[in-house]
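The values are calculated or read from the model by the stated rules, or taken from the named source; none is laboratory data. Computed from a predicted structure; not experimentally measured. Positions of Cβ are backbone-derived with ideal geometry, glycine not excepted, and every protein chain shown enters the neighbour counts. Surface areas here come from the heavy atoms of the whole protein model, side chains and all, with no ligands, DNA or RNA. Shrake-Rupley method; radii C 1.70, N 1.55, O 1.52, S 1.80 Å.
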Amino acid sequence: MLSYRHAFHAGNFADVLKHSVLTLVLEYMTRKEKGFYYIDSHSGAGMYQLEDEYAQKTGEYKDGIAKLIDNEDLPEALQPYIDLVKDINQAEQSDELALYPGSPGIARQFTRRQDSAHLFELHPADIEHLQAYSQRWNKSHVKQSDGYQGVLGLVPPPSRRGVVLIDPPYELKEDYLKAVRTIVNAYKKFATGTYILWYPVVKRELVEQMQDAFTKSDVRNLLQVEFCQKADTQEYGMTGTGLFIVNPPWQLTKQLEEILPYLKSKLGTQETSFTLKQLIAE
Ligand SMILES: C[S@@+](CC[C@H](N)C(=O)[O-])C[C@H]1O[C@@H](n2cnc3c(N)ncnc32)[C@H](O)[C@@H]1O
């Protein structure tokens with residue numbers, strides 16, 4: 001089943017959390033000269049036009065990035081992500097918020113000559129967009145193949161430095177545990193890598209199953225962050241979003257402690273809540 005299109009959701013509150021963390025992680029990786037692999041198991045299209053019919057149909061970015069982009073009271077930890085989105089729009093000479101970067105669009109701003117990006121995508125339309133987007137990005141390798149297997153085939157990177165983003169559409173219930181299993185197995189081969197796993201909060205039991213699977217595994221040093229717009233419900237629909245981050249940069253917890261209350265004040269309602277916990281110690 002491949003009906004999910006990220007263009008409907010680009011720039012929403014879940015992207016804001018995911019992409020601000022990805023920005024901080026990648027910025028940290030570039031502090032050392034030694035090259036790294038960026039591996040994106042579920043890449044999407046790379047870059048999104050917010051004026052197209054998909055984004056306009058749902059208008060989700062209006063309750064996400066659009067509420068932050070012009071703010072002058074941003075916490076320091078959110079600034080690099082907001083600057084990145086602004087720079088991309090300014091490069092297109094647009095004063096409006098016209099473009100929104102997907103995860104490859106963010107990684108592209110950080111990869112240097114010594115780094116490389118390995119991007120997997122299955123959807124026939126999105127892979128075309130991704131290929132076109134990456135055409136002049138020297139160190140990118142785009143593949144129309146399964147991203148879970150792709151990750152396992154690429155670790156450990158030769159430099160033993162790497163960031164893996166796993167961001168499935170969760171159209172299938174299996175994705176929840178398959179994503180965790182992929183990290184558990186990749187970790188066996190590459191225990192020092194940084195792994196970021198995105199998840200939606202749709203049914204609380206599914207998130208608990210992921211937590212359980214991680215805590216029973218050999219994975220160490222796992223941070224979990226969650227931002228829920230609404231309280232958990234048995235009704236259909238995403239009420240919140242979260243990330244599991246294995247081997248996060250040492251200052252990420254502190255940065256998230258700044259980001260989360262700010263997101264609540266700008267994107268949240270009275271029902272909004274967030275959590276940040278070291279689920280597994282170092
Ligand atoms: C949530 S979107 C990715 C968004 C992107 N990571 C970002 O942050 O901008 C999930 C993508 O995974 C793709 N996909 C679904 N199953 C896949 C698989 N097994 N391997 C690779 N890509 C897959 C979908 O077509 C969709 O474009």
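Here are some notes:
- Within the set Glu271, Glu282, the sole residue that is closer than 26 Å to Phe190 by Cα and over 19 Å from the mean Cα position of the chain (by Cα) turns out to be Glu282.
- Residues of segment 1-29 classified as out of contact with any Asp or Glu (no Cβ under 8 Å at 6 or more places or on another chain), open to solvent by 10 Å² or more (accessible area, probe 1.4 Å) and either free of Cβ contacts under 8 Å to residues at least 60 places away in the same chain or among the polar types (S, T, N, Q) (or both), total: 0
- Taken over segment 33-81, the criterion of being free of Cβ contacts under 8 Å to residues at least 40 places away in the same chain and either within 17 Å of Gln109 (Cα to Cα) or within 12 Å of the ligand (Cβ to nearest atom) (or both) is satisfied by Gln79 alone.
- Identity of the residue in segment 116-144, over 19 Å from the mean Cα position of the chain (by Cα) and among the hydrophobic types (A, V, I, L, M, F, W, C), that ends up nearest to the ligand (Cβ to nearest atom): Ala125
- Summed over segment 116-130, the residues that are more than 14 Å from Ser103 (Cα to Cα) and open to solvent by 40 Å² or more (accessible area, probe 1.4 Å) give a count of 3.
- Note on segment 100-115: among residues that are touching a strand residue (DSSP E or B) at 6+ places or on another chain (Cβ under 6 Å) and either open to solvent by 20 Å² or more (accessible area, probe 1.4 Å) or more than 20 Å from Asp52 (Cβ to Cβ) (or both), the one that is nearest to the ligand (Cβ to nearest atom) is Ala107.
- Qualifying residue in segment 56-64 (condition: open to solvent by less than 40 Å² (accessible area, probe 1.4 Å), modelled with pLDDT of 95 or more and not hydroxyl-bearing (Ser, Thr, Tyr)): yes
- Qualifying residue in segment 42-52 (condition: within 18 Å of Ile245 (Cα to Cα), touching a strand residue (DSSP E or B) at 6+ places or on another chain (Cβ under 9 Å) and among the hydroxyl-bearing types (Ser, Thr, Tyr)): yes
- Elements of type strands (runs of 3 or more DSSP E) contained in segment 156-250, each with 1 or more residues being more than 16 Å from the ligand (Cβ to nearest atom): 162-166, 222-228, 240-246
- Pick from segment 234-282, criterion at pLDDT 95 or above and among the aromatic types (Phe, Trp, Tyr), ranking: least open to solvent (accessible area, probe 1.4 Å): Phe244
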